[in-house]
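Below is one structure, written out as structure tokens, with a few remarks after it.
The values are calculated or read from the model by the stated rules, or taken from the named source; none is laboratory data. Worth saying up front: this structure is predicted, and the values here are computed from it rather than measured. Here the Cβ positions follow ideal geometry from the backbone for every residue, glycine too, while neighbour counts run over all protein chains shown. Each accessible area value is taken on the protein alone, full model and side chains, heavy atoms only, with ligands, DNA and RNA left out. Shrake-Rupley method; radii C 1.70, N 1.55, O 1.52, S 1.80 Å.
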Amino acid sequence: MQQAPLSICVLGGGAAGWLTAAVLAAEHGRVAGGDCTITLVESPTIPTVGVGEGTWPSMRETLRRIGLSEQRLFTECDAAFKQGSLFSAWKTEDRTDKYYHPFSLPHGYFEQDLARFADLEYAYAVTPQAAVCDDHLAPKQVATPEYAGVLNYGYHFDAVKFGLCLSDHCTRNLGVQHVRANVASVESDADGNIAALVTDAGASLSADLFIDCSGSAALLIGEHLRVPWVDLSSVLFNDRALAVQIPHISAESPIASVTRSTARQNGWIWDIGLPTRRGMGYVYSSQFTDAAAVEADFREFFGAEMSQGALQDLNFRELTFQPGHREVMWHGNCVAVGMAAGFIEPLEASALALIEQSAGLIRDFLPASKQQMALAAKRFNHQILAHWDNIIDFLKLHYVLSQRTDSEYWLAHRRDESIPEALQENLALWRHRAPAKQDFPQAQPLFPPASYRFVLNGMGYECDRMRAPRKESDEVRARMLLAEVQKHLVSFKQGLPTNRKLLSQLAARGQASASKGRVG
């Protein structure tokens, strides 16, 4: 077994801190047979800020690997299934202009590109998932094993409850030590590395490796170590959000198993369905509008489905953020994860995915000794910065392809000076062929070529659809694959429950298990 540093100190709780602690403890902690002690220091006075409520499918493997049961996630975290994203009014101002970015790969993805043979819209032709989501169906049945499904899926959940669930799992099952204290100062050694955190009670907490999950305060990586910040506001303009929670229209209202994203004149609105409520937010840029105008537009958006009295009762919460990230995330013996490392708008649920990626890379690169810390930092930074570049390009793609002309906000997003060079080059190449793995420097990008293809086609940027097949057998095979998609769809529509029904079944099972003892 790999020899790892003996002591790790995670500063900050919430989803970032507790997920990172869980990933490390499940692999290197002493309960798992490793030789690391892991301590998480959490302030008793600073409230936790949820970094989004949507995940990528990778979260299933992460949770399975740390030993958390999926049933517990649904029982304690107000969780629901997420099968992708639905974009409305991004291409044009017409709200009926919609497309899906589903989580399932196109059928036959590793054989050939089916787009030029498709008679339906791309997402509906190459996977049954778009039509399944139209009908508000779940990706599995109640008898399907945990973390398995007939369609690929991630989750929507209450991020604060998720952090509390992980906290309990880490301290009860994974041997993570929990210290509730405020950090008063940080001590350094002769080499400039962090030696210890000193609490307001006077306790000194030393460690070999410190992980900064202190949120936007970035107490270690930013305030203490002064690692420079890379500003991305010239590429991705959004720096504000107005968030609100609203009830479902009725107890029987469908629960969408996608994140719904609706473009507006000066930003876009997210809509996430949980079993007990909907979490919504209006993302915008302070360069182009202000909170008062956004709130007025948000209320107008709700007007079609809410009474005037209900509209008056809405409690909006303003969030501010600076789009960007640290120049490096691992400096000396300190690694930044979550908002301490960086943050950009919540489009495509990249925040929790980046926390997962960061925690997994720390786990995999954990050095055998302090002497190997610099090598681990070098490899970590190389890979995580490549993930950031991939995410920035992918999010910018949604704006670059828009044809909206109703505001300077949308026009500015399409100007060349705001578009990263790598994305400009790829768009030129993709006029003649579909996105491919050779277009991305990292072996496993967070957003793979298939994700780019769903957005490109959904926004009307077809990748040389009229190119003739190389040989007749290509078309024959393609027609067979497309027919299989529709056959699968018929089967899924017959056998899958609605999202709400399956969530109700899981809730009932959780209640039954709770009456017999703790789940998971």
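Here are a few things to note about the model shown:
- You will find that of Phe87, Phe81, the residue that is under 29 Å from Ser214 (Cα atoms) and aromatic (Phe, Trp, Tyr) is Phe81 and no other.
- The set of residues in segment 418-438 that are of a type outside the set (A, V, I, L, M), assigned to a helix (DSSP H, G or I) and either under 15 Å from Ile391 (Cβ atoms) or in contact (Cβ under 8 Å) with a residue 24 or more places away in the chain (or both) comprises Ser418, Asn426.
- Test: Phe321 is more than 22 Å from Leu375 (Cα to Cα), over 21 Å from the mean Cα position of the chain (by Cα) and open to solvent by 10 Å² or more (accessible area, probe 1.4 Å): no
- No other residue among Arg240, Arg180 is touching an Asp or Glu at 6+ places or on another chain (Cβ under 9 Å), closer than 30 Å to Ala293 by Cβ and touching a residue at least 12 places away in the same chain (Cβ under 8 Å) apart from Arg240.
- Of the residues making up segment 406-417, just one is among the charged types (D, E, K, R), free of Cβ contacts under 8 Å to residues at least 40 places away in the same chain and part of a helix (DSSP H, G or I), namely Asp416.
- Of the residues making up segment 380-421, those that are closer than 20 Å to Val227 by Cα and either in contact with a Leu (Cβ under 8 Å, 6 or more places away or on another chain) or aromatic (Phe, Trp, Tyr) (or both) are Phe380, Gln383, Ile384, His387, Trp388.
- Of residues in segment 301-329 being out of contact with any Leu (no Cβ under 9 Å at 6 or more places or on another chain) and not in a loop (DSSP other than H, G, I, E, B), the one modelled with the highest pLDDT: Arg326
- Residue in segment 150-172 that is farthest from Thr259 (Cα to Cα), counting only those that are part of a loop (DSSP other than H, G, I, E, B) and modelled with pLDDT of 95 or more: Val150
- In segment 276-308, residue nearest to Phe74 (Cα to Cα) [restricted to those that are in contact with an Asp or Glu (Cβ under 7 Å, 6 or more places away or on another chain) and open to solvent by 40 Å² or more (accessible area, probe 1.4 Å)]: Thr276
- Number of the condition not met by Leu482 [criteria: (1) open to solvent by 70 Å² or more (accessible area, probe 1.4 Å); (2) under 18 Å from Asp113 (Cβ atoms)]: (1)
- Against the test of being open to solvent by less than 20 Å² (accessible area, probe 1.4 Å), outside any strand (DSSP E or B) and of a type outside the set (A, V, I, L, M, F, W, C), the options Gly175, Gly192, Gly222, Gly202 yield a single qualifying residue, Gly222.
- Residue that is surrounded by the fewest Cβ atoms within 10 Å (Cβ to Cβ), among those in segment 342-399 that are among the aromatic types (Phe, Trp, Tyr) and part of a helix (DSSP H, G or I): Phe365
- Residues that are open to solvent by less than 80 Å² (accessible area, probe 1.4 Å) and in a loop (DSSP other than H, G, I, E, B) within segment 231-250 comprise Leu232, Ser233, Ser234, Val235, Leu236, Phe237, Asn238, Asp239, His248, Ser250, listed in sequence order.
- When Leu354 is tested against (1) over 24 Å from Thr62 (Cβ atoms); (2) touching a strand residue (DSSP E or B) at 6+ places or on another chain (Cβ under 9 Å); (3) touching a residue at least 24 places away in the same chain (Cβ under 8 Å), only condition (1) is not met.
- Test: residue in segment 506-519 that is among the β-branched types (Val, Ile, Thr), farther than 23 Å from Pro106 by Cβ, open to solvent by 20 Å² or more (accessible area, probe 1.4 Å) and at pLDDT below 95: yes
- Strands (runs of 3 or more DSSP E) wholly inside segment 40-149 containing at least 1 residues that are open to solvent by less than 10 Å² (accessible area, probe 1.4 Å) and hydroxyl-bearing (Ser, Thr, Tyr): 84-88
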